[in-house]
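Inspection log for the structure reproduced underneath, given as structure tokens.
Each value in this text was obtained by applying a stated rule to the coordinates, not by laboratory testing. Treat the numbers as computed from the prediction; the structure is a model and nothing was measured. Note that we place each Cβ from the backbone using ideal geometry, even for glycine, and neighbour counts take in every protein chain shown.
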């Protein structure tokens with residue numbers, strides 16, 4: 001473990017247990033049979049992500065799709081192989097009262113009948129026009145191309161250090177009125193700039209001060225079994241709000257693979273710091289990898 005010498009305060013708005021929920025990558029892998037998890041292909045993981053986005057999203061109330069019609073995940077571009085993988089992953093799955101179905105889409109009309117449209121990187125030439133045509137349609141737009149969020153896409157699946165992560169365009173999500181819990185958004189890969197995440201002023205008298213405090217008690221994070229099977233490694237980082245008495249009040253995940261960052265956050269919640277007159281913010285980084 002090592003601590004940074006600077007910390008930047010931002011409002012803490014985690015769910016009840018301080019944004020320590022299971023990451024989408026873990027949820028995605030749970031859709032795969034135990035024998036598939038260790039050797040899950042990139043397409044299988046992306047397919048499972050899409051199902052979980054559909055399951056965890058809060059959709060606009062004014063959506064024209066009724067509660068009895070199928071929940072459609074459309075795929076724009078790409079080949080039949082991914083469609084086949086996606087169909088296998090969601091086979092028989094029901095969200096609420098609606099059966100999840102998969103179909104290829106190319107026209108704006110077809111896309112507007114979907115809850116989610118996944119834009120394959122091979123069809124990037126037509127992505128911009130499609131996104132503009134779906135403005136305010138209540139459709140979650142997911143891509144896999146580095147320029148996707150800049151074109152107005154909402155969620156982008158990216159490959160990083162051998163794993164599939166996701167990044168979010170919060171502005172586009174807000175405009176669509178499609179919402180995810182802060183716990184899920186905290187698992188997103190950092191890096192895409194959004195005006196809504198500019199650092200607020202820290203001049204208020206009740207703002208916590210910057211660390212670093214000395215640790216009095218620490219618990220090392222466990223390397224998750226599922227991470228071992230996936231051969232995951234990398235650096236995770238969390239922001240820790242510490243009470244004057246030294247106990248950890250809240251933890252916010254800043255970066256790293258969701259499985260590894262979640263393990264770090266759970267461990268840090270058990271830490272104890274040296275007492276101080278005021279609350280402080282500490283930044284904790286940890287490296288994970290097979291032994």
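Data overview
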{"item": "Fewest-first sequence of 111, 154 by Cβ atoms within 10 Å of each Cβ", "result": "111, 154"}
{"item": "Translational diffusion of segment 24-186, µm² s⁻¹ [Kirkwood Rh, Cα pairs; Stokes-Einstein; 4 °C; 1.567 mPa s]", "result": "82"}
